[in-house]
Each structure stands twice: as C-alpha cells, then as structure tokens.
Amino acid sequence: VEVNITPILDVYQNVIAAVVVLHDVSEWRRMERMRSEFVANVSHELRTPVTAVKGFAETLLDGALNDPETAKAFITIINDESERMTRLIADLLDLSRIESKQTILDKVTINLEQLIEDTVYKLEHHAQRAGIALAYRGVLGRASSDTSLESDVCVHVDPDRISQVLINLISNAIAYTGEGGSIEVWIEEQPDTYTVHVKDTGIGIPESDIPRLFERFYRVDKTRSRKSGGTGLGLAIVKHIVEAHKGKVHVYSVYGKGSDFSFTLPRV
Ligand code: ADP
C-alpha cells in the first residue's frame, strides 16, 4: 500500500487534521513484475538460439567448413535454430495481438465437425511420421454421420483461430506422446456449449504443474520442449483464443499415462 499524507493547518500553522490517502498498488506491482519477468523470459528464449547459431557459424569459419559432413550437420543446426526463432517471434506477435485485443475475430457460423476433420487431416502425416495414431471420433453418444455435411454441430467462431487452437493442442499431443501411442479427438455436447477434447496416451503431466500450464513460457520439462521445437507459448495462445470466444480451457492428466486437454465453445 502506498500512503500519502497531507496536513491541514489552521491560521497559526498548527496541524489540526490530515488527509490520508491509501493507494492499493499491489495490482500495479504485480503487473510490473509480470512485465519484467516476461521481458527476461523473451530475452532468454531468444539468446539460446542466437548463441547456438553464432557458435556453430564461428566453428564453421574456423575450419569446420572444410569437412563437408561436419559442415552439413552444423548448418542443419543453424537452420533449425533460425526456424525456432522465427516461430518464437511469430508466436510472440500473435500472443501480443490477441492480448491487446487488436485481433478482431473474424466470426462466421461454421460446422465444428468439419473444422476438426480438416485440421486432423492436416496433422495426420505429422502424427504418422511420429508413429502415433490420430483420429477424430465424432460427437460422444451419437452414431457418427457418414459425412460431416449432415452434422448440425455449429459454432460462431473465427475458423482460423479455432483451427490454431486445435493445431497447438494436437501438435503438443504428438510431441509429448511416444511412438505407438494414440490421440483421439471428439466433441461432447452440453445444453449451452460444445466441448472439444484432445486426448493422448503420452507422458502425462504431474499434478503440481497443472495450475501453471497455460502461463507463457511455462514448461514441465525444458529439455523435452526444446527438443520438440516448442516455444513455451502454445498453451498461452490456446487459452487466449478460447477465452476471446467466451470459452474455457481444461486439462485432466495422469502423470505417465496421458493427458486430456479440452475447450468449450458456445453453441449457436
Ligand atoms: P511448448 O512449446 O513447450 O510445448 P506449450 O505452451 O504448448 O509449450 O506447453 C507448455 C508445457 O506443457 C510443455 O512444455 C509441456 O511440458 C506441457 N504439455 C503440453 N501439452 C502436453 C501434453 N499433451 N502432454 C504432456 N505435456 C504437455
């Protein structure tokens, strides 16, 4: 609390009263701390790939260039690290646009099943390469319609943004599930909402990490996230997009068994 005291004097300059103003600055302090933590995080996240790029470029210049095999390996690392930086910058820009509400959602009424099927189709190849079975299972409790065109599961959303939510959740499920695992996507219907689930049979998340999972740059296992090329921003973006659509995110996970990430969207 910040305290401001102004004395009130009488004609003889005696203090006869005082005006005390108390300012609750805890929220402001919290914001300031979050901002400086964020800047520190971004700097750290960028410094790591830049250091790698510089290190390998220097080694190449110092002679490694003469050995074609070593050179190729180093250039591959430089390329991967540059891609990571590009992704990080793109994610940061995305997040800051959504947070500052600069992004106007381009909402249309669409068939949610169609959107999920299209997104799953796009990621199928990626899952296959990782040796993981990825499938869309339809609406829970309903016999699956032969074609999603018959489906009445409609939502009023920005399709690109909701597709991005699905891409982030499914890509995570792929990254944190080993070969031979599986990922299932399905919809659950409630009176006012649809809930989309992305469930994997992967490594799972310890219970103590779950409350902080959707924070920017929060990772359960830094090494693993780095190896999978993660930026630590995927879930923060998911949360912002879902909340901008008046939905909520949930996660249920059993460490060592798998995770079930879900989000709700209002029904049309
Ligand atoms: P990252 O780029 O590191 O994947 P995210 O914000 O997408 O960042 O996820 C934050 C962290 O949550 C990850 O680093 C990982 O530890 C954990 N996580 C996310 N999805 C899963 C999942 N399906 N299974 C296990 N852990 C996950």
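Looking at segment 107-128, which of its residues are open to solvent by 10 Å² or more (accessible area, probe 1.4 Å) and either modelled with pLDDT under 95 or more than 17 Å from SER151 (Cα to Cα) (or both)? LYS107, TYR121, LYS122, LEU123, GLU124, HIS125, HIS126, GLN128 - these are the residues of segment 107-128 that are open to solvent by 10 Å² or more (accessible area, probe 1.4 Å) and either modelled with pLDDT under 95 or more than 17 Å from SER151 (Cα to Cα) (or both).
In summary, ILE187 fulfils each of the numbered conditions (1) of a type in the set (A, V, I, L, M, F, W, C); (2) within 8 Å of the ligand (Cβ to nearest atom); (3) open to solvent by less than 40 Å² (accessible area, probe 1.4 Å) with the single exception of condition (2).
Pick from segment 249-268 the residues that are more than 16 Å from the ligand (Cβ to nearest atom) and over 17 Å from GLN164 (Cβ atoms): which of them is most open to solvent (accessible area, probe 1.4 Å)? It would help to see each step written out before you state the result.
Restricting attention to segment 249-268, the residues satisfying the condition of being more than 16 Å from the ligand (Cβ to nearest atom) are 264-268.
Going one step further and asking which of them are over 17 Å from GLN164 (Cβ atoms), we end up with 266-268.
Details: PRO266: 54, ARG267: 88, VAL268: 115 Å².
So, considering only residues that are more than 16 Å from the ligand (Cβ to nearest atom) and over 17 Å from GLN164 (Cβ atoms), the one most open to solvent (accessible area, probe 1.4 Å) is VAL268.
Among the residues of segment 206-223, write down those that are of a type in the set (A, V, I, L, M) and open to solvent by 20 Å² or more (accessible area, probe 1.4 Å). ILE210, VAL220, listed by residue number. Tallying residues that are of a type in the set (D, E, K, R) and farther than 20 Å from SER228 by Cβ within segment 48-93 yields 6. Within segment 204-238, being free of Cβ contacts under 8 Å to residues at least 40 places away in the same chain, assigned to a loop (DSSP other than H, G, I, E, B) and within 8 Å of the ligand (Cβ to nearest atom) holds for LEU213, PHE214, TYR218, ARG219, VAL220, ASP221. For segment 239-268, name all the residues that are without any contact (Cβ under 8 Å) to a residue 60 or more places away in the chain and not aliphatic (A, V, I, L, M). Scanning segment 239-268 gives LYS239, GLU243, LYS246, GLY247, LYS248, HIS250, TYR252, SER253, TYR255, GLY256, LYS257.
Under the condition of being without any contact (Cβ under 8 Å) to a residue 24 or more places away in the chain and open to solvent by 60 Å² or more (accessible area, probe 1.4 Å), the residues counted in segment 41-55 number 4.
Taking GLY247, is it under 29 Å from PHE38 (Cβ atoms) and touching a Pro at 6+ places or on another chain (Cβ under 8 Å)? Yes: the conditions hold for GLY247. Residue count for segment 193-231, restricted to those that are over 16 Å from ILE98 (Cβ atoms), modelled with pLDDT under 95 and in contact with a Lys or Arg (Cβ under 8 Å, 6 or more places away or on another chain): 4. Filtered by the rule that a residue be touching a residue at least 60 places away in the same chain (Cβ under 8 Å) and in a helix (DSSP H, G or I), segment 84-110 gives ARG84, ARG87, LEU88, ASP91, LEU92, ASP94, LEU95, ILE98, GLU99.
The lone criterion from (1) touching a residue at least 24 places away in the same chain (Cβ under 8 Å); (2) among the aliphatic types (A, V, I, L, M); (3) open to solvent by less than 90 Å² (accessible area, probe 1.4 Å); (4) more than 20 Å from THR231 (Cβ to Cβ) left unmet by VAL1 is number (3). Taking segment 190-203 only, how many residues are near the ligand (Cβ under 8 Å from one of its atoms) and not in a loop (DSSP other than H, G, I, E, B)? Here the count works out to 2.
Could you tell me whether TYR252 is hydroxyl-bearing (Ser, Thr, Tyr) and part of a loop (DSSP other than H, G, I, E, B)? So TYR252 fails the test.
The values are calculated or read from the model by the stated rules, or taken from the named source; none is laboratory data. None of these values were measured; they are calculated from a predicted model. Heads up, the Cβs are rebuilt from the backbone with ideal geometry, glycines too, and the neighbour counts pull from every protein chain shown. With ligands, DNA and RNA removed, areas are computed over all heavy atoms of the protein, side chains included. Shrake-Rupley method; radii C 1.70, N 1.55, O 1.52, S 1.80 Å.
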